[in-house]
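Asks: Quick one: this structure, given as structure tokens, is what I'll be asking you about.
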Amino acid sequence: MSTIAPEFRLSRFIASLTDIIFWVLLIFSLVGLPLVFILLFYIKLPIVNGQLLTPYLAMTWMADPSRTIPIIKSLIHTEFFRIIAFPGFGFAALLAAATIFVERKFLAKIQLRVGPLYCGKIEGILQLMGDGLKLISKEIIIPAKADKPIFWVAPLLFVGTAAAFASLIPVAPGWVVSNPNVGLLVVFATIGFFPIIVVLSSWSANSKWTFIGGIRALHQMISFEIPLILSLLGIVILTGTLNLTEIVESQQHYWWIVFMPIGAIVFFITILAELERIPFDLPEAESEIVAGWLTEFSGMMYGLIQLGTYLKLYAFAGLFTVLFLGGWNGPMVWPPFPQEIITNGITIGPITAHIPGLPLFDQDMLNGTLWFVIKTVGVILVILLPRGVFPRIRIDLLLYTGWYKLIGLAFINIFIALGLLYAGVLGHGGLIQ
Amino acid sequence: MANGAQHMVDSIFLAVSVLTIGSAIAALEIRSLIYGSIALMITLSGIAGFFLLLDAPFVAMFQLSVYVGSIAVLILFTVMLVRRELIFNKIEDSRRRYAGIGLMIIIMLGIGTIIIGSGLKTMETNTQTIDYRKIGEDFLTYYSPALIVMALILSSSVIGALALAKREDVTNEQRTD
């Protein structure tokens with residue numbers, strides 16, 4: 001079946017692997033170990049708890065769970081972990097990568113196709129890894145007469161801006177990378193950077209397809225930013241705050257989508273346009289202008305743009321959840337951590353292991369994360385859904401929709417919010433608290 | 001501890017100042033219009049950085065979303081669509097440049113003496129940060145006439161722009177249904 005490497009033999013592959021392992025071990029024991037010992041000879045090792053911290057002792061501690069779990073727990077509460085792993089880049093990138101695969105299978109099922117099937121044997125679950133390896137191993141081609149500095153830096157800026165956007169989303173109580181007092185305004189300011197990056201990268205590639213796509217993206221993003229901002233003002237009026245965490249906390253009893261369905265619909269349509277998804281995928285209309293502003297990107301540069309696009313998708317879906325669907329609020333379904341493990345330790349046969357520092361995460365955080373992920377994944381699926389059924393709309397209809405209908409609906413939403421506020425139903429001192 | 005934080009703020013202030021002024025000079029001096037507008041964007045972002053240092057994140061974020069997100073994009077867009085050979089003819093004149101630099105120094109010295117003499121030194125620097133809610137309250141109560149005048153000016157300018165942009169001689173042949 002495979003035609004990529006017809007001469008492939010598994011035995012030879014394993015032989016080459018063992019060969020590499022042999023040489024690595026040999027070189028390490030002949031060169032690496034003596035170097036380590038020479039270094040250890042000169043380094044003054046500290047004395048911890050009356051014991052000299054030899055490498056053997058350090059390794060023993062690393063293998064002992066009762067000593068490592070407090071270290072891991074203190075690591076989890078550092079700023080570094082937040083930025084790199086949990087509510088920050090790692091978590092967002094994981095969800096984004098899962099979205100790429102789910103989108104392909106999901107659309108295929110909608111359109112009665114099979115989608116990725118061969119890679120990984122079971123329903124093509126390794127397709128994403130295969131695509132990633134392909135993108136990494138591909139050559140990066142810079143077009144002749146391209147403006148090289150801007151062309152090189154554009155994918156990085158795109159991923160960086162998308163990650164900055166994702167870092168503003170509160171995932172669980174207290175679990176957010178950056179929690180500025182004017183969070184919603186920071187979101188608007190961050191969204192404003194995307195058109196600049198798109199139009200600069202499209203101009204720098206020196207190709208007419210990218211430039212047409214970039215100009216379309218600019219029109220689309222700029223004109224849909226206004227209804228996006230206006231559709232969220234109702235929530236700001238009712239909650240009286242711009243902080244995203246406080247907005248989530250204001251939705252403990254009811255979600256804002258109950259009172260402001262029009263705002264939610266307008267915001268959802270603007271999300272589709274800002275993300276350049278069908279039916280608003282004019283900037284990368286593959287049947288008209290090759291791939292729009294992505295045309296000249298190849299290899300990992302395209303991979304970075306793709307990662308940034310899906311990070312942006314996650315961030316927008318998370319923002320929708322935070323603003324309209326109550327964020328992490330939900331019934332407590334996560335089971336509490338078993339108390340006897342904390343007090344008595346784990347008993348396996350004759351051995352009883354006392355592990356201090358457990359549990360790693362408290363129940364509120366896990367429950368909040370669960371509800372946030374469930375809601376966000378739901379929103380992501382609804383964002384993916386139009387791609388299976390809708391055609392692309394014309395650009396004049398797009399601009400007409402954005403400037404007339406959506407802005408009008410957004411103002412209606414603001415008036416509804418003001419009415420609820422002045423009628424004394426919601427807001428400070430209202431009937432429903 | 002407070003002293004250390006003060007030094008931190010000072011170094012950030014210096015870095016932002018160098019970035020802002022350097023990119024402003026670059027925006028004027030770079031021959032490529034695209035790079036010039038990118039430098040202008042950095043200048044405007046640097047001003048947002050000053051607002052952040054002044055504990056005014058509200059103003060800083062509006063600076064970013066309005067000046068960088070809209071006005072700089074507009075400039076960039078316009079620059080991309082023109083061919084600069086057609087609209088500019090270079091006048092290289094060193095005397096003009098020196099005269100400009102001299103004029104700038106004179107103006108800055110003048111403004112500087114006015115600012116220093118204006119009692120700025122007696123200003124409280126360790127006051128509480130003003131919340132944006134307080135700004136909103138003040139706008140709707142004490143400064144409400146000013147707010148109404150601003151709203152009227154802005155809406156009249158929007159209506160004027162629409163009236164200017166609406167051309168009678170171009171018929172729209174595209175269907176809008």
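The values are calculated or read from the model by the stated rules, or taken from the named source; none is laboratory data. Keep in mind that what you see is a predicted model, and the values were worked out from it rather than measured. We place every Cβ from the backbone using ideal geometry, glycine too, and count neighbours over all the protein chains shown. Calculation scope for accessible area: heavy atoms of the full protein, side chains included, ligands and nucleic acids excluded. Shrake-Rupley method; radii C 1.70, N 1.55, O 1.52, S 1.80 Å.
Matching residues to (1) buried (at least 18 other Cβ atoms within 10 Å of the Cβ); (2) more than 9 Å from chain A (Cβ to nearest Cβ); (3) not acidic (Asp, Glu):
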{"site": "B:Ser45", "(1), (2), (3)": "yes, yes, yes"}
{"site": "B:Leu53", "(1), (2), (3)": "no, yes, yes"}
{"site": "B:Met61", "(1), (2), (3)": "yes, no, yes"}
{"site": "B:Leu64", "(1), (2), (3)": "yes, no, yes"}
{"site": "B:Gly69", "(1), (2), (3)": "yes, no, yes"}
{"site": "B:Val73", "(1), (2), (3)": "yes, no, yes"}
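Table: residues versus (1) exposed (fewer than 14 other Cβ atoms within 10 Å of the Cβ); (2) within 28 Å of A:Gln306 (Cβ to Cβ).
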position: A:Ala58; (1), (2): yes, no
position: A:Arg67; (1), (2): no, no
position: A:Ile83; (1), (2): no, yes
position: A:Gly88; (1), (2): no, yes
position: A:Ala92; (1), (2): no, yes
position: A:Phe106; (1), (2): no, yes
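Asks: Can you list the helices (runs of 4 or more DSSP H) found entirely within region A:329-433 that contain at least 1 residues being closer than 30 Å to A:Ala315 by Cα? Lay out the reasoning, then the answer.
Replies: Numbers: elements: A:339-344, A:363-389, A:395-400, A:407-422.
By residue number, A:363-389, A:395-400, A:407-422.
Conditions (1) over 30 Å from A:Asn413 (Cα atoms); (2) free of Cβ contacts under 8 Å to residues at least 40 places away in the same chain; (3) in a helix (DSSP H, G or I), marked per residue:
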| position | (1), (2), (3) |
| --- | --- |
| A:Ile262 | no, no, yes |
| A:Leu272 | no, no, yes |
| A:Ile278 | no, no, no |
| A:Gly303 | yes, no, yes |
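Asks: I'd like to know if region A:115-133 contains one or more residues that are touching a residue at least 60 places away in the same chain (Cβ under 8 Å) and either of a type in the set (D, E, K, R) or touching a Pro at 6+ places or on another chain (Cβ under 6 Å) (or both).
Replies: no
Asks: Could you please give the count of residues in region A:140-167 that are away from chain B (no Cβ under 14 Å) and surrounded by 19 or more Cβ atoms within 10 Å (Cβ to Cβ)?
Replies: Of the residues in region A:140-167, 7 are away from chain B (no Cβ under 14 Å) and surrounded by 19 or more Cβ atoms within 10 Å (Cβ to Cβ).
Asks: I would also like to ask the following. Out of A:Tyr310, A:Tyr254, A:Tyr302, I need the residue that is open to solvent by 30 Å² or more (accessible area, probe 1.4 Å) and closer than 23 Å to A:Ala98 by Cα. Which one?
Replies: A:Tyr302
Asks: In addition: Out of (1) surrounded by 14 or more Cβ atoms within 10 Å (Cβ to Cβ); (2) closer than 19 Å to A:Ile265 by Cβ; (3) away from every other protein chain (no Cβ under 14 Å), what's the single condition that is false for A:Phe361?
Replies: (2)
Asks: How many of the residues making up region A:354-380 are within 17 Å of the chain's Cα centre (by Cα) and either of a type in the set (A, V, I, L, M, F, W, C) or modelled with pLDDT under 85 (or both)?
Replies: 8
Asks: Now for a different question. Can you tell me how many residues in region A:341-352 are surrounded by 10 or more Cβ atoms within 10 Å (Cβ to Cβ) and out of contact with any strand residue (DSSP E or B) (no Cβ under 6 Å at 6 or more places or on another chain)?
Replies: Going through region A:341-352 one residue at a time, the tally reaches 5.
Asks: Scan A:Pro195, A:Pro180, A:Pro170 and give me the residue that is within 14 Å of another protein chain (Cβ to nearest Cβ), part of a loop (DSSP other than H, G, I, E, B) and in contact with a helix residue (DSSP H, G or I) (Cβ under 6 Å, 6 or more places away or on another chain). Steps first, please.
Replies: Numbers: A:Pro195 fails: part of a loop (DSSP other than H, G, I, E, B); A:Pro170 fails: within 14 Å of another protein chain (Cβ to nearest Cβ).
Every option except A:Pro180 fails the conditions.
Asks: Here is a follow-up. Are any of the residues in region B:114-137 more than 12 Å from chain A (Cβ to nearest Cβ) and modelled with pLDDT of 85 or more? Break it down stepwise before answering.
Replies: In the first step, residues of region B:114-137 are kept if they are more than 12 Å from chain A (Cβ to nearest Cβ); the result is B:114-128, B:134.
Next, only the ones that are modelled with pLDDT of 85 or more stay: B:114.
Within region B:114-137 (the criterion being more than 12 Å from chain A (Cβ to nearest Cβ) and modelled with pLDDT of 85 or more), the answer is yes, since at least one residue qualifies.
Asks: Checking A:Leu244 against (1) closer than 29 Å to A:Leu399 by Cβ; (2) within 14 Å of chain B (Cβ to nearest Cβ), only one condition comes out false. Which one?
Replies: (1)
Asks: Give the residues of region A:381-413 that are within 17 Å of A:Pro261 (Cα to Cα) and either under 30 Å from the mean Cα position of the chain (by Cα) or within 12 Å of chain B (Cβ to nearest Cβ) (or both), sorted by residue number.
Replies: Matches in region A:381-413: A:Val382, A:Ile383, A:Lys405, A:Leu406, A:Ile407, A:Leu409, A:Ala410, A:Asn413.
Asks: Something else about it: If we only count helices (runs of 4 or more DSSP H) wholly inside region A:69-159, which ones have 3 or more residues that are under 30 Å from A:Phe390 (Cα atoms)?
Replies: Values: elements: A:79-84, A:89-110, A:127-137.
Once the helices (runs of 4 or more DSSP H) in region A:69-159 are filtered for at least 3 residues that are under 30 Å from A:Phe390 (Cα atoms), what remains is A:89-110, A:127-137.
Asks: Right, here's the next one. From the set of residues in region A:185-201 that are open to solvent by less than 10 Å² (accessible area, probe 1.4 Å) and under 18 Å from the mean Cα position of the chain (by Cα), which is farthest from A:Pro331 (Cα to Cα)?
Replies: Residue satisfying both the conditions and the ranking: A:Phe194.
Asks: If you don't mind, another one. Is one or more of the residues making up region B:4-21 open to solvent by less than 30 Å² (accessible area, probe 1.4 Å), of a type outside the set (Gly, Ala, Ser), closer than 21 Å to A:Thr190 by Cα and touching a residue at least 40 places away in the same chain (Cβ under 8 Å)?
Replies: Looking for residues that are open to solvent by less than 30 Å² (accessible area, probe 1.4 Å), of a type outside the set (Gly, Ala, Ser), closer than 21 Å to A:Thr190 by Cα and touching a residue at least 40 places away in the same chain (Cβ under 8 Å), one finds none in region B:4-21, hence no.
Asks: Just the residues that are more than 25 Å from the chain's Cα centre (by Cα), closer than 20 Å to B:Ser65 by Cα and small (Gly, Ala, Ser), please, taken from region A:202-216.
Replies: Of everything in region A:202-216, nothing turns out to be more than 25 Å from the chain's Cα centre (by Cα), closer than 20 Å to B:Ser65 by Cα and small (Gly, Ala, Ser).
Asks: Here are some conditions: (1) within 14 Å of chain A (Cβ to nearest Cβ); (2) modelled with pLDDT of 80 or more; (3) surrounded by 10 or more Cβ atoms within 10 Å (Cβ to Cβ). B:Leu162 meets all but one. Which one does it not meet?
Replies: (3)
Asks: Could you list, in sequence order, the residues of region A:198-240 that are within 30 Å of A:Ile414 (Cβ to Cβ), at the interface with chain B (Cβ under 8 Å from one of its Cβ atoms) and not aliphatic (A, V, I, L, M)?
Replies: Of everything in region A:198-240, those that are within 30 Å of A:Ile414 (Cβ to Cβ), at the interface with chain B (Cβ under 8 Å from one of its Cβ atoms) and not aliphatic (A, V, I, L, M) turn out to be A:Glu225, A:Gly240.
Asks: Looking only at region A:409-426, filter to residues that are closer than 12 Å to A:Leu233 by Cβ and among the aromatic types (Phe, Trp, Tyr); which one of those is surrounded by the most Cβ atoms within 10 Å (Cβ to Cβ)?
Replies: A:Phe411
Asks: Inspect all residues belonging to region A:81-88 and state whether any of them is under 26 Å from A:His354 (Cβ atoms) and at pLDDT 80 or above.
Replies: Quick first cut of region A:81-88, residues under 26 Å from A:His354 (Cβ atoms) only: A:81.
If we keep only those that are at pLDDT 80 or above too, we end up with A:81.
Yes, there is a match, as at least one residue in region A:81-88 is under 26 Å from A:His354 (Cβ atoms) and at pLDDT 80 or above.
Asks: Related question: What are the pairs, 6+ residues apart or on separate chains, where a residue within region A:28-41 that is assigned to a helix (DSSP H, G or I) has its Cβ under 8 Å from a residue that is not β-branched (Val, Ile, Thr)?
Replies: Partner pairs satisfying both residue conditions: A:Leu40/A:Pro55.
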